[in-house]
1. Does ALA75 satisfy the condition of being out of contact with any strand residue (DSSP E or B) (no Cβ under 8 Å at 6 or more places or on another chain), under 19 Å from SER123 (Cβ atoms) and among the hydrophobic types (A, V, I, L, M, F, W, C)?
2. Quick check on this structure: which one of PHE88, PHE101 is of a type in the set (A, V, I, L, M, F, W, C), more than 18 Å from the chain's Cα centre (by Cα), at pLDDT 90 or above and part of a loop (DSSP other than H, G, I, E, B)?
3. Restricting attention to the stretch 240-250, report how many residues are touching a residue at least 60 places away in the same chain (Cβ under 8 Å) and either more than 14 Å from VAL147 (Cβ to Cβ) or in contact with a His (Cβ under 9 Å, 6 or more places away or on another chain) (or both).
4. Restricting to the stretch 285-339, and then to whatever is polar (S, T, N, Q) and part of a strand (DSSP E or B), can you tell me which residue is farthest from LEU241 (Cα to Cα)?
5. Among the listed residues SER257, SER222, SER211, identify the single one that is among the polar types (S, T, N, Q), touching a Pro at 6+ places or on another chain (Cβ under 9 Å), in a strand (DSSP E or B) and under 28 Å from LEU120 (Cβ atoms).
6. Got a sec? Which of LEU37, LEU28 is modelled with pLDDT under 95 and of a type outside the set (S, T, N, Q)?
7. Within the stretch 111-123, how many residues are more than 16 Å from PRO56 (Cα to Cα) and part of a strand (DSSP E or B)?
8. Hey, any hits in the stretch 326-338 for a residue that's buried (at least 23 other Cβ atoms within 10 Å of the Cβ), touching a strand residue (DSSP E or B) at 6+ places or on another chain (Cβ under 7 Å) and at pLDDT below 95?
Amino acid sequence: MRNLYWYAMVLALLMGTSCAESEQQIPLPPIITSKTLDATHAVTLETKAVELVFIPNEVAPWLGRIVYTSTGGSAISMDIENRNISMFKLGVTKSLLGLSFHKQPGVFLSLNQNNQVESLLESGDHGQFVTIISSGAPVHAVSFCQVAKAQGKDIYVLEAKSRIQKYSVALSVQPDAKNLSRLTFTKDDGFDLKAPENTVACYVDKGHLYSLQSKDKRTGLSSYSTQSNTWQTSTLKYPSLDLVPVKLGQDMYFAFSTQGYLGLFRTDRPEDVEFYSITDGLSIKGMDKVSKVYATANKFGGTAFNQGVMALLNDDAKRIVYISTSYIADQVQINSENN
């Protein structure tokens, strides 16, 4: 795996450089060293997963749902053991966001290709989801700001022209007619934040806001200070447009995939990136190449995931590898002590 980068570079030289200089990719620094993480759990899928979202159940974590989309607009709902599978039509999505309401069915939001927000509610005992009424203030989103832990109070969205807007959400469930249930959005008129230019994604953690920018094939990450009302920006050494916020112990990290590895860095130390290959766990096959990363700090499944779970996808395989975030936190701590 560590030779993939050099193989790609040699192949590019052999093929020539027919593209204009402005279209050439900025070469990534090679990954010289990496550490390992063992797979905690894995499931085989019937169809390849394109995107994934966690929909927790705080009362009974083992009943939490995982919804993934496949090519053609279908969505599949399952538990973490790949049981109680239900398929439904969702269409092509641009962004997904899981919500969590106390003692209520699972809910998630989908942003379709027309930038329209659709609200979906868990219906029945087998993980089916139905579209419910979205009411209140119109949500003009380009994407949802991703969070480490789903909740059912506020959401943040990225709007056009790099603006971030805040909405409160309220769920009203009709037990006998789930499709007539309602999710109401209320715009926070006192919150209207201008993010740095060329922002393509945003992230929220307990009031901390982050902006990801992309320009000229370079990626910048900015953090917002409420005290000074300013953004502080760092250029990422390993650019990625698919950062994922993940809580490891008491610290907040960003996870991403690059060159087949899982990358991790603390939100306040974007220059200190550690890379991990995914090795076999107890009777669980690892993952040769990580293509996409998803994570939640919500309790999920059994004891292994009581502090959260990370899901890894490989574009070439119909499977998901799960890793306990408490285990990842322990390994990160051990590695930091040995450095």
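1. Values: out of contact with any strand residue (DSSP E or B) (no Cβ under 8 Å at 6 or more places or on another chain): no; under 19 Å from SER123 (Cβ atoms): yes; among the hydrophobic types (A, V, I, L, M, F, W, C): yes.
Taking the combined requirement at face value, the residue does not satisfy it.
2. On the way: PHE88 fails: part of a loop (DSSP other than H, G, I, E, B).
One residue alone meets the criteria, PHE101.
3. 2
4. First pass over the stretch 285-339, keeping only residues polar (S, T, N, Q): 291, 296, 298, 303, 306-307, 314, 324-326, 331, 333, 335-336, 338-339.
Next, from what is left, pick out any that are part of a strand (DSSP E or B): 296, 324.
Details: THR296: 18, SER324: 24 Å.
Filtering first and then ranking leaves SER324.
5. Values: SER257 fails: touching a Pro at 6+ places or on another chain (Cβ under 9 Å); SER222 fails: under 28 Å from LEU120 (Cβ atoms).
None of the others qualify; the one that does is SER211.
6. Values: LEU37 fails: modelled with pLDDT under 95.
After applying the criteria, what remains is LEU28.
7. Final tally of qualifying residues: 4.
8. Residues of the stretch 326-338 that are buried (at least 23 other Cβ atoms within 10 Å of the Cβ), as a first pass: 328.
Subsequent filtering for residues that are touching a strand residue (DSSP E or B) at 6+ places or on another chain (Cβ under 7 Å) retains 328.
In the following step, the residues that additionally are at pLDDT below 95 were identified as none.
Within the stretch 326-338 (the criterion being buried (at least 23 other Cβ atoms within 10 Å of the Cβ), touching a strand residue (DSSP E or B) at 6+ places or on another chain (Cβ under 7 Å) and at pLDDT below 95), the answer is no, since none of the residues qualifies.
The values are calculated or read from the model by the stated rules, or taken from the named source; none is laboratory data. All of these numbers come straight from a predicted model, not from anything done at the bench. Here the Cβ is made from the backbone with ideal geometry for all residues, glycine too, and neighbour counts use every protein chain on show.
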